[in-house]
Amino acid sequence: MNHRIKRGLCALCAGVLLSSAAGAINWGLWYGNGTGKPPNGEDSVQTLAKYGSYYMGDTDSKVIYLTFDCGYENGNTAKILDVLKKHHAPAAFFMVGDYLDTAPELSKRMGDEGHIVGNHTSNHPNMSKVSKTKFEQELTSLSKQYEQVTGRKLDPFYRPPEGSYTHDNLQWAQNLGYHTTLWSVAYADWDQNKQPSRESALKTLNSRVHPGAIVLLHAVSSTNAAILDELLTGWENQGYRFDYLSALPGLPDPAKTAIPSDCTFAVDGTAAPLTAYLIDGANYVSLRDCAAALRATGSAFAVGYDEATDTVTLTRGQTYEPIGTELKGTPDVTAMQARAGSKGLLVDGQTATVSAYTIDGANYVNLRDLTALVGGTVGYDETSKQVTLTSVN
């Protein structure tokens, strides 16, 4: 596998390199627009958009999309994951079948900690040279393997090996539900025997980063593992934030980035380990956690769900029946994708308005919105970062 990965990554150099396959494009970039400016690619943003494909996001927004290609494991991925968690920086990991075979625990950890895991094909061939049948086999085989190894579904993002593709490839990937994802920032980091120095790596990456950048790094790189903390800190200090590929402009139901809340919670003076995330600076708490924490108070409410109408029902004054997974406290994740919540919320049979998201299959609601519905007050001590819920007497 190693020699295939190394050979395939030569497409990072600038310039048009047409392969022997008719209509094939080897992705390359021209950085001549200046420091901090988006580069030109082999295809335009507009052309790629016809196929639901991307090489960068909104160039007016100081957002960075971190991505890592995972051809094989050599001891650096765990370090990378640790740094990402420290910064609550979501990333996308594009993996091949060999990586799943040889590093199943790390593959599982990526998804468990909230990262996107994308499709880099099962065997890493030059996909511009394969038939439609072979193309589909490469993607569907990797998808099935990932689910068997991790118990999770692969995310709908595909990166062509070697950066090589045809427009037919882009269409085939789209037909399978994938967004072909190229990159706008990269450097020569893939050969573990020719690793760039810390100084040259930081200089190159900092000169190439730009608003809306999709950054390609390689998990095999010891330099990447060594500089990542410093690199992310520097970008944060420049006003950049990190987001999921699923938040790229133009995607349906774009995800919000939810990071584990750094607050502690108490209900009527008693500690309550609510599962909570910060979304746009506000606390969103597990709806069932809140119901469990308030069940013996004057603000008690029961929770129901109508699957046919995708409607959540709250009934005030009724005792909530725990399901056994509530009140686990702060989740051990880097971040999570937050998507639009259930279609409807009824409180005592009446339609109610509350800001809500679905995170990992569970409903999370804005804490202040929820408290306004069920009664009580919310307080916050900035020094201790403690949120206090006082129920109705």
The aspartates and glutamates whose Cα lies under 15 Å from the Cα of K256, excluding any fewer than 8 residues away in the same chain, are D243, D280, D360
For segment 171-277 the trypsin sites (Lys or Arg not before Pro) that pass both the DSSP coil test and the at-most-11 other-Cβ-within-10 Å test are K194
Expected vector for segment 362-372, Karplus 3J(HN,Hα) from phi with 6.51, -1.76, 1.60 and θ = phi - 60°, integer Hz, x for Gly and Pro, equals 10, 7, 10, 10, 4, 4, 5, 4, 5, 4, 4
For K144, counting only lysines whose alpha-carbon sits under 22 Å away and dropping same-chain residues fewer than eight positions off, the answer is K108, K132, K134, K153
Hydrodynamic radius by Kirkwood for segment 178-268, inverse mean 1/r across distinct Cα pairs, in Å, is 15.5
With the 8 Å Cα cutoff and a minimum separation of six or more residues, segment 96-222 has a relative contact order in percent of 22
Cα-based Rg then Dmax for segment 10-151, in Å, read 16.8, 45
Rounded to the nearest 0.05, FRET efficiency between L202 and T59 (Cβ-Cβ, R0 22 Å) equals 0.45
Expressed in angstrom and rounded, the centroid-to-centroid distance over alpha carbons for segment 321-379 and segment 111-145 is 35
Note: Q318 to A302 extended length (0.36 nm per residue) minus current alpha-carbon separation gives 5.2 nm
Once T377 and L251 are pulled to full extension, the length gained, defined as 0.36 nm per residue separation minus their Cα-Cα distance, is 41.6 nm
Against the 2.2 N^0.38 Å rule of thumb, the C-alpha Rg of segment 312-362 sits at a ratio of 1.37
Long-range alpha-carbon pairs in segment 224-364, meaning those over 20 Å apart, account in percent for 56
Cα-based Debye curve of the chain sampled at q = 0.11, 0.13, 0.14 Å⁻¹ gives log₁₀ I(q)/I(0) of -0.82, -1.05, -1.16
As straight-line cross-link partners of K203, the qualifying lysines (C-alpha separation under 27 Å, not fewer than 8 residues apart within one chain) are K6, K37, K62, K79, K85, K86, K194
Residue separation between Q238 and K86 times 0.36 nm, minus their alpha-carbon distance, gives in nm 52.9 nm
Of the accessible area of segment 336-380, computed with a 1.4 Å probe and all protein chains kept, carbon and sulfur make up a percent value of 47
Surrounding charge for L274, neighbours by C-beta under 14 angstrom, Lys/Arg +1, Asp/Glu -1, total +1
For segment 90-189, listing trypsin sites (Lys or Arg not before Pro) in a DSSP loop whose Cβ sees at most 13 other Cβ atoms within 10 Å gives K153
Pseudo-spin-label distance T133 to R152, built 7 Å along Cα→Cβ, given in nm, is 3.4
On the accessible surface of segment 227-272, probed at 1.4 Å with all protein chains in place, carbon and sulfur together account for a percent value of 52
Result for the chain: accessible area per residue, probe 1.4 angstrom, in square angstrom, of 43
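The values are calculated or read from the model by the stated rules, or taken from the named source; none is laboratory data. A quick note: this is a predicted structure, and the numbers were derived from the prediction, not measured. Glycine gets a Cβ as well: all are built from the backbone with ideal geometry, and neighbour counts include every protein chain shown. These accessible areas exclude ligands, DNA and RNA; they are computed on the full protein's heavy atoms, side chains included. Shrake-Rupley method; radii C 1.70, N 1.55, O 1.52, S 1.80 Å.
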